[in-house]
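Working notes for the structure below.
Bear in mind that the values in this text are calculations on the coordinates, not laboratory data. From a predicted model like this one, the values you see are computed outputs, not experimental measurements. Using ideal geometry, Cβ is built from the backbone for each residue, glycine included, and neighbour counts are taken over all protein chains shown.
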């Protein structure tokens, strides 16, 4: 799927349609000291294998693509879901 690098979209802060810069969403670094991660590390320690079991087969062949729209007037960011597609490309 090809997406233009600049789109005209509604900005909730400006209250009108403005030009938005399009970028792909990237997940941030996971917190290593969060409660759930600490619990998982405690269960993994020692013998006994994986606490939740490792997935033997891969269920999905595609991922849901997320794009971030950044308003060129006020800088507000809005995340949009594009649904499932094998490849997402931003046209320059």
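Scanning segment 23-49 for residues that are loosely packed, with under 10 Cβ neighbours inside 10 Å and within 19 Å of residue 77 (Cα to Cα) returns 26, 27, 28. The number of residues in segment 80-92 being in a loop (DSSP other than H, G, I, E, B) and surrounded by 14 or more Cβ atoms within 10 Å (Cβ to Cβ) comes to 1. When segment 68-79 is filtered for residues that are part of a strand (DSSP E or B) and surrounded by fewer than 15 Cβ atoms within 10 Å (Cβ to Cβ), the ones remaining, listed by number, are 77, 79.
Residue 18 - would you say it is more than 15 Å from residue 1 (Cβ to Cβ), touching a strand residue (DSSP E or B) at 6+ places or on another chain (Cβ under 8 Å) and without any contact (Cβ under 8 Å) to a residue 60 or more places away in the chain?
On the way: more than 15 Å from residue 1 (Cβ to Cβ): yes; touching a strand residue (DSSP E or B) at 6+ places or on another chain (Cβ under 8 Å): yes; without any contact (Cβ under 8 Å) to a residue 60 or more places away in the chain: yes.
Yes, satisfied.
Only one of 65, 9, 59 is within 20 Å of the chain's Cα centre (by Cα) and in a loop (DSSP other than H, G, I, E, B); which?
On the way: 65 fails: in a loop (DSSP other than H, G, I, E, B); 9 fails: in a loop (DSSP other than H, G, I, E, B).
One residue alone meets the criteria, 59.
Checking each residue in segment 12-22 for being loosely packed, with under 14 Cβ neighbours inside 10 Å and in a strand (DSSP E or B) picks out 16, 17.
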